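J.: Structure below; questions to follow.
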Amino acid sequence: MGRMTFIEHDGTRHEVEIEADKSLMQHAADNMVPGIDADCGGECACGTCHVIVDHQWFAKTGAINGNEKQMLEMTPEGAPTSRLACQIEVTDALDGLVVHLPEFQM
Amino acid sequence: MSISTLAMNLSARVVPMQWQIKAAHLAQKTLDRIGLAAKIPEFVESPLPDVSTLAIEDIDVSNPFLWRQGLWGSYFKRLRDEQPVHFQKNSPFGPFWSVTRFDDILFVDKHHELFSAEPIITLGDQPAGLAIETFIAMDPPKHDKQRQAVQNVVAPKNLKEMESLIRQRTQEVLDNLPVDQPFDWVSSVSIELTARMLATLLDFPYEQRRKLVYWSDVAAASPETTGGQVERDEFFPVVAEVAQAFSQLWRDKAARQNAGEEPGFDIISLMLNNEDTKDLIHRPMEFLGNLALLIVGGNDTTRNSMTGGVLALNKFPQEFDKLKSNPALIPNMVSEIIRWQTPLAYMRRVAKVDVELNGATIRKGDKVVMWYASGNRDERAIDNPDDFIIDRKGARNHLSFGFGVHRCMGNRLAEMQLRILWEELLERFDRIEVQGEPEYVQSNFVRGYTSMMVKVSNKNRS
């Protein structure tokens, strides 16, 4: 199985192993990656699993639907490659993925 | 936009806002006198029946005494169990649907394309003749623009800058509390701290800060809106006073800025410097609406969670012991307090189309009330939901901030204020004992306390 890396705002790295049928948010939660709150439990309704995807990986994380776009627009920490981790479906194609955590979740 | 709002906007450049409001008050009085005004419901308290004696269709959770009489828990449990999407056709606020389970509430909150937040998020209407406009009660895209104009004032990045100021003001309040003798926690701590916070955010004259609290209390407590006790002859003059005070604050700031002063980091300065809101002063109902939203939003909510936390720890004393032996639990406890208290009972929507929800058919145009207070006690979503557990797993997964585009903008500020309060309380006091029963607010919207006597004892500092 592949691996993915979460990088905290202070530079701390967390490598996690890819598990089948889990969103990126669930990977963070199950591996105790700090800085992902996921208050709504993965419903694309709170904006607290915001991650900033490494440029080279952005296109591979899939399309952003209208709901996610709207929630991301409300995030003061938004960046061009922002995503909500609960909306990223993880497959082996994301082996090596690197995402950055914002300093604050909204 | 109503004709009266349009007229106000057109005349706003020449007629002071407070005069416009006085005129609206007078117009309503005249309508009353000639019998043309809408009837305002009157609420007189009497003991409510045990919910088990009622037919399901007669259950009316809009009753503003349900919270005060401690019956809301049993009423909502019956709705959750027997008819989770429930229709009440004869309430004093008109017919409405109640959505009471966690998952259904989340569904309604997420789907703004099915359920509109307009024209207002309370069960009843706003007082006639004064339809203020606020982004909590606007749908996208207008909502998004107005929210974006002000949300930075409470963005986490700026909160970091404010933390030491909030802590210092909290310390001052706590250091001046009487020790080993009863005092009213609501007035001395909860209201005082919230007033200080609001004055800071608005850059409002600090010595007049308690006015903000009074205005906020009046704004959310009209009988026709939430079943509260504020009469029209008190309401309108307060709105006029708010209009006058904030118009002046706005114009002073604009003048200082035009004279070359750097804009401050308060809400008024932010609005003055945003393309979408810089002319807000010329749209009185929006101007008042946005200010009212920020004041009410920052007042009733945090204040009642400050009181509710103390009450919860008194009802579950083993949790206070747990807290004292492990203060690192404070952030998790803060989320649990906000769930347990749920300071705002609900948000209201209006169906934009026919919607099937959990077996019920909601028709286009029907009022739909998402009862956060019930969803936060839904056994299907939360284990032992009536218990207050400071190290609860998943404590953040509560409904009190709402979900979707209207999710509470001040959530991080609220959490920070409560965290600082508890950090500073634990530094000082060994015991915080509630004396007798608190007094509860009359409202179907605000789950608040008007007073709660407590006695604090100092920690033995060695």
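J.: Mind checking which aspartates and glutamates have their C-alpha under 20 Å from B:K29, skipping anything on the same chain fewer than 8 residues away?
T.: Answer for B:K29, where 20 Å is the Cα cut-off: B:E42, B:D125, B:E224, B:E231, B:D233, B:E234, B:E241, listed by chain and number.
J.: Looking at this model, which pairs from B:K322/B:K393; A:K69/B:K145; B:K22/B:K253; A:K69/B:K142; A:K60/B:K157; B:K89/B:K367 are more than 19 angstrom apart at the alpha-carbon?
T.: B:K22/B:K253; A:K60/B:K157
J.: With the crude spin-label approximation of a point 7 Å out along Cα→Cβ, what separation in nm comes out for B:A328 versus B:D391?
T.: 1.0 nm
J.: Something else about it: Taking only C-alpha pairs under 8 Å that are 6+ residues apart, what is the relative contact order of chain B in percent?
T.: It rounds to 25 percent for chain B.
J.: Could you work out the mean projected area of the convex hull around the alpha carbons of segment A:3-100, in square nanometres to one decimal?
T.: Quarter of the Cα hull surface area: 5.6 nm².
J.: With charges only on Cβ, +1 for K and R and -1 for D and E, what is the dipole size of the protein assembly as shown about its Cα centre, in debye, rounded to 20?
T.: 1100 debye
J.: Within segment B:249-303, report the trypsin sites (Lys or Arg not before Pro) that DSSP leaves as loop and that have at most 13 other Cβ atoms within 10 Å.
T.: Here the sparse-neighbourhood loop sites are B:K278.
J.: If you take the beta carbon distance between B:S187 and A:K22 as r and set R0 to 45 Å, what does 1/(1 + (r/R0)^6) give as a FRET efficiency, to the nearest 0.05?
T.: E between B:S187 and A:K22, to the nearest 0.05, is 0.35.
J.: Can I ask one more? Volume per residue, Å³, of the convex hull around the alpha-carbon atoms of segment B:1-159?
T.: It comes to 194 Å³ per residue, whole-number rounded.
J.: Follow-up question, since we're still on this one. Express in nm, to one decimal, how much length is gained between B:S451 and B:D321 on full extension, taking 0.36 nm for each residue of separation and deducting their alpha carbon distance.
T.: 44.3 nm
J.: From the phi of every residue in segment B:19-29, what ³J(HN,Hα) in whole Hz does the Karplus formula 6.51 cos²θ - 1.76 cosθ + 1.60 yield, where θ is phi - 60° and glycine or proline is x?
T.: 6, 4, 5, 4, 5, 5, 4, 4, 4, 5, 4
J.: Now, a different point. Distance from the Cα centre of segment B:369-427 to that of segment B:32-92, in angstrom?
T.: Result: 25 Å between the Cα centres.
J.: Please compute the average number of Cβ atoms from other chains found within 10 Å of each residue's Cβ in peptide A:68-80.
T.: 3
J.: HN-Hα J couplings of segment B:300-311 from phi, Karplus 6.51/-1.76/1.60, θ = phi - 60°, integer Hz, Gly and Pro as x?
T.: Result, rounded to whole Hz: 4, 6, 5, 4, 6, 6, 5, 6, x, x, 5, 5.
J.: Which value, in debye to the nearest 20, gives the size of the charge dipole of segment A:3-100 about its Cα centre, when Lys and Arg are +1 and Asp and Glu are -1 at the Cβ?
T.: Value, rounded to 20: 260 debye.
J.: Run the helix sum for the protein assembly as shown: -39,500 (n - 2.57) per DSSP H stretch of 4+ residues, divided by residue count, reported at 222 nm to the nearest 500 deg cm²/dmol.
T.: One gets -12500 deg cm²/dmol as the mean residue ellipticity at 222 nm.
J.: Please compute the length gained on full extension between B:V173 and B:A27, using 0.36 nm multiplied by the number of residues separating them and subtracting their Cα-Cα distance.
T.: Gain on stretching B:V173 to B:A27: 48.2 nm.
J.: For segment A:3-100, what relative contact order do you get, as a whole percent, if you take Cα pairs closer than 8 Å and at least 6 residues apart?
T.: Computed value for segment A:3-100: 41 percent relative contact order.
J.: At what distance in angstrom do the alpha carbon centres of segment B:282-321 and segment B:120-135 lie from each other?
T.: Spelled out, the Cα-based centre of one part sits 20 Å from the other.
J.: What order, most packed first, do the peptides A:73-83, B:106-116 have when packing is the mean number of other Cβ atoms within 10 Å of each residue?
T.: In decreasing order of mean packing, A:73-83, B:106-116 become B:106-116, A:73-83.
J.: Also, I was wondering about something else. Once you measure Cβ to Cβ distances between cysteines in the protein assembly as shown, which Cys have no partner under 4.7 Å?
T.: For the protein assembly as shown, the answer is A:C44, A:C49, A:C86, B:C408, because their Cβ atoms have no other cysteine Cβ under 4.7 Å.
J.: Which of the listed residues, B:Y372, B:M453, B:M347, is farthest toward the dipole's positive end in segment B:346-462, when Lys, Arg count +1 and Asp, Glu count -1 at the beta-carbon?
T.: Farthest towards the positive pole: B:M347.
J.: Based on alpha-carbon positions alone, could you give the equivalent ellipsoid semi-axes of the protein assembly as shown from the gyration tensor, as √(5λ), descending, whole Å?
T.: That gives 35, 29, 28 Å for the three semi-axes.
J.: Within segment B:126-159, list the residues whose amide N lies under 20 Å from a label point set 7 Å along Cα→Cβ of B:E427.
T.: Inside the label zone: B:159.
J.: Just order B:289-298, A:54-63, A:92-101, B:374-383 by mean Cβ neighbour count inside 10 Å, highest at the front, would you?
T.: Those peptides, ordered most packed to least, come out B:289-298, B:374-383, A:92-101, A:54-63.
J.: Distances longer than 43 Å among the Cα atoms of chain B: what percent of all pairs is that?
T.: It works out to 13 percent of all Cα pairs.
J.: May I ask which residue of A:V33, A:T81, A:G11 lies farthest towards the positive end of the charge dipole of chain A, with charges of +1 (Lys, Arg) and -1 (Asp, Glu) on Cβ and the Cα centre as origin?
T.: Final value for the positive-end residue is A:T81.
J.: Can you list the residues of segment A:63-106 with backbone N under 17 Å from a point 7 Å past the Cα of A:T12, pointing along Cα to Cβ?
T.: Of the residues in segment A:63-106, A:99-105 have backbone N under 17 Å from the label point off A:T12.
Every read-out reported here was derived from the displayed coordinates using simple, explicitly stated rules and does not represent laboratory data. Predicted, not measured: the structure shown is a model, and the values here were computed from it. Quick reminder, even Gly has a Cβ in these numbers, built from the backbone with ideal geometry, and neighbours come from all protein chains shown.
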